[in-house]
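These notes are about the structure you will find just below.
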């Protein structure tokens with residue numbers, strides 16, 4: 001399971017990185033076009049805000065969790081005995097699992113509703129935002145799987161990660 005979750009979250013990270021590159025190229029092209037012709041690419045703001053940024057941020061959550069790179073404040077925990085550190089880590093994993101589970105559940109409901117209604121936003125043109133709603137539950141599920149793997153690894157090795 002660990003190997004599959006690592007592969008899955010790495011794939012999500014690659015997709016996230018592709019969106020970062022696309023965002024960079026799109027914004028650069030828009031700026032260059034504006035400076036040359038006083039007319040930018042129509043819809044740059046919408047595409048960057050509703051697609052590139054959402055996918056770049058949320059799809060990478062699981063990879064960040066797999067590699068223990070989320071922000072931690074463990075000033076006092078470092079001074080505790082190892083068994084206390086492990087127990088606190090397990091409790092934190094369980095709390096994170098519940099938290100991201102709720103986020104995944106609600107964002108899945110929102111994505112299903114947005115898809116059913118073909119959600120759009122007001123713009124100069126018809127701009128569908130419902131596909132970007134799926135980045136949230138996908139990213140949260142990747143994070144859930146990563147938390148589960150880290151929790152199992154911590155329990156089997158009896159050490160905080």
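No value in this document is a laboratory result; all are computed from the given coordinates. Computed from a prediction, not measured in an experiment: that's the story for all the values here. Methodologically, a virtual Cβ is constructed for each residue, glycine included, from the backbone with ideal geometry; neighbour enumeration extends over all protein chains shown.
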Item to complete: Select from the range 120-144 the residues that are over 21 Å from the mean Cα position of the chain (by Cα) and touching a residue at least 12 places away in the same chain (Cβ under 8 Å) and write down the one among them that is farthest from residue 12 (Cα to Cα).
Response: 124
Worksheet item: Yes or no: residue 88 under 19 Å from residue 151 (Cβ atoms) and either touching a strand residue (DSSP E or B) at 6+ places or on another chain (Cβ under 9 Å) or touching a residue at least 60 places away in the same chain (Cβ under 8 Å) (or both)?
Response: yes
Worksheet entry | Only listed residue being over 24 Å from residue 6 (Cβ atoms) and over 17 Å from the mean Cα position of the chain (by Cα), chosen from 155, 87 | 87
Discussion item. Tell me which helices (runs of 4 or more DSSP H) are completely within the range 36-144 and hold 1 or more residues being exposed (fewer than 11 other Cβ atoms within 10 Å of the Cβ), or say none if there are none.
Written reply: 82-116
Worksheet, complete the sentence: Checked against (1) assigned to a helix (DSSP H, G or I); (2) surrounded by fewer than 12 Cβ atoms within 10 Å (Cβ to Cβ), residue 12 satisfies every condition except (2)
Response to the item:
Those residues of the range 54-77 that are touching a helix residue (DSSP H, G or I) at 6+ places or on another chain (Cβ under 8 Å) and over 25 Å from residue 7 (Cβ atoms) come to a total of 1
Practice prompt. Give the range 1-46 a look and list any residue that's over 26 Å from the mean Cα position of the chain (by Cα) and in contact (Cβ under 8 Å) with a residue 24 or more places away in the chain, or say none.
Written response: 42
Worksheet entry | the range 149-161: number of residues that are surrounded by fewer than 17 Cβ atoms within 10 Å (Cβ to Cβ) and on the phi < 0 side of the Ramachandran plot | 7
